[in-house]
Amino acid sequence: MALVGALPTLAWVETFTTAHLRELAADFPRTADLWEQSFTELAADILRPGGTEWTGPAAETAQDSTDTAAFTARGKANQLRDAAGIATFGADQLDGLHAKTLAALAETRADGFQVGEDLSVTDTQRHPWGTSAYEARLAAAREHGETIQSHASQLLTLDNEYGRKLLAATEGLDTLTLDTPSGDTPPANAHNGIQLVDNEERLAPPPLLPGPPLSENRRAAVEYAEKWADSFNPDYEKLGGGAEDCTNFASQVMRAGGFGDVGNGTDDWRRGDSDDWYYQNGGLNVPGNTSSKTWTLAKENHNFVTQHSGRGEIVGAVATPAREGLDPLAPSRAGLIPGDLIYYKDERGQINHVAVYVGQTMQDGVLTDVINQHSGTDNVHNDWMPGPGGEYIAPFAQAEFVHLRYPGE
């Protein structure tokens, strides 16, 4: 009898894919090129901020710092390219083993056996107990089961192994920074992929990885979310000084994606009904009724989207009593694609926050679903999982995944 390790489920085997590894293998070299280009440009331009020559001891120190950073960036870029090679080789190995596992499943079913979710094999035929036919079928079921379970166990083990290899291969890539001397004023350069934070030049949030093809309207919504997540569109009011702006931002994203306003507010002095959704950027309107409640309040927006408009449907939900153990890819596994929404319930079970799902990035070497939002400072490509210690990590807290149907889809 073959010895097997931990077993996945039948559903895991049948839906297994290496698409994420293929995407990483394609994106890592592009990201590496961007890093090298960004730091090379920074090193070349550091002494001419805004076109004005910068001289003196501080400038010389800054030049040394950028030269060192450019050298470091090249090393990190090569590290990323090595990781791309690991992803490619891993995808090839996993695809081969996955094909063998699927072939074993097909052969088992063709022989008249049924495969359970736990990968157990049972006979669909009936033979009298103790007969030679019964014993032959029993032996065949045992053989099929051992083959399937052996392949599936190897597949799971190899998948985990390449996850660990990629994690090790990308270790330290999130710490690529350029320190500047305390008290000096570095040039105010804006380079693609680099931000100035706390007197430190550091990489911007990890770039989005290539995702599925999007409809024109959905792509427009994601582009809006990318443009305005870390700032405020002057065409809209900034609610609560920006601290209570999450639903306002999500509604703007929906409007950018082609969803039309519903109700004009002139007959809705209570800021609209549950089936209204609007924001009046100009013209006459009832005082205090610039926007409907469904535009600015998370719970009302959720109910409008999922119950009163047909614009979206709940495709999954995850309890968030603790951050540990949450699946970094839970939204995409539930069926979300960029441009969809995630609503968050607090410790009382009340929906009080909404964010826009924008795709996936690598975070600390782990492929992760990310969101854009208006909430505090982590607004761009933040992982979807609520932060520790907040109101959305609690016994009754929950994240709810809502798939939108953009016009034309």
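What does the extension gain come out to for Glu171 and Arg109, with contour length at 0.36 nm per residue minus their alpha carbon separation?
18.0 nm
Based on the Kirkwood radius over alpha-carbon pairs, what value in µm²/s does the Stokes-Einstein equation return for the translational diffusion coefficient of segment 342-389 at 20 °C and 1.002 mPa s?
Using the Kirkwood radius from Cα pairs, D works out to 187 µm²/s.
Tell me, what HN-Hα J-couplings in whole Hz come from the Karplus equation 6.51 cos²θ - 1.76 cosθ + 1.60 at θ = phi - 60° for each residue of segment 82-95, using x for Gly and Pro?
Going residue by residue, I get 4, 5, 4, x, 4, 4, 5, 4, x, 4, 5, 5, 5, 4 Hz, with x marking Gly and Pro.
Around Gly359, which amide H atoms from residues at least 5 apart in sequence, or from another chain, sit under 5 Å from its own amide H, with H modelled in the peptide plane?
Val370
Given 10 Å bins starting at zero, what is the percent of C-alpha pairs of segment 305-409 in each, up to the one with the largest pair distance?
Bins of 10 Å from zero give 16, 49, 30, 5, 0 percent of pairs.
Filter the trypsin sites (Lys or Arg not before Pro) in segment 298-378 to those in DSSP coil with at most 12 other Cβ atoms within 10 Å of their Cβ, and list the result.
Details: sites: Lys299, Arg311, Arg323, Arg333, Lys345, Arg348; in loops: Arg311, Arg323, Arg348.
Sites meeting the loop and neighbour criteria: Arg348.
Along segment 347-363, what does the Karplus equation 6.51 cos²θ - 1.76 cosθ + 1.60 (θ = phi - 60°) give for ³J(HN,Hα), rounded to whole Hz, x for Gly and Pro?
5, 9, x, 9, 6, 10, 8, 9, 9, 9, 6, 10, x, 9, 9, 8, 10
How much FRET efficiency would the formula 1/(1 + (r/R0)^6) give for Gln350 and Leu138, where r is the Cβ-Cβ distance and R0 is 41 Å, rounded to 0.05?
So the FRET efficiency works out to roughly 0.15.
Would you mind checking which residues have amide H under 5 Å from Ile337's amide H? H placed 1.01 Å from N; only 5 or more apart, or other chain.
So Ile337 has HN proximity to no qualifying residue.
Which residues' amide hydrogens lie under 5 Å from the amide hydrogen of Gly316, considering only partners 5 or more residues apart or on another chain, with H built in the peptide plane?
Under 5 Å from the amide H of Gly316: Phe401.
What distance in nm separates the two pseudo spin-label positions at Glu223 and Arg164, each 7 Å out from Cα along the beta-carbon direction?
4.5 nm
Which ³J(HN,Hα) values, rounded to whole Hz and listed in residue order, are derived for segment 122-127 from phi using the Karplus coefficients 6.51, -1.76 and 1.60 in 6.51 cos²θ - 1.76 cosθ + 1.60 with θ = phi - 60°, glycine and proline given as x?
Whole-Hz 3J(HN,Hα) from phi for segment 122-127: 10, 7, 8, 9, 10, 10.
Taking a cut-off of 20 Å between Cα atoms, list the lysines near Lys227, but don't count ones fewer than 8 places away on the same chain.
Lys238
Each value in this text was obtained by applying a stated rule to the coordinates, not by laboratory testing. Note that the structure is predicted; figures quoted are calculated from it, not measured. All Cβ positions, glycine included, derive from the backbone under ideal geometry; neighbour counts span all protein chains shown.
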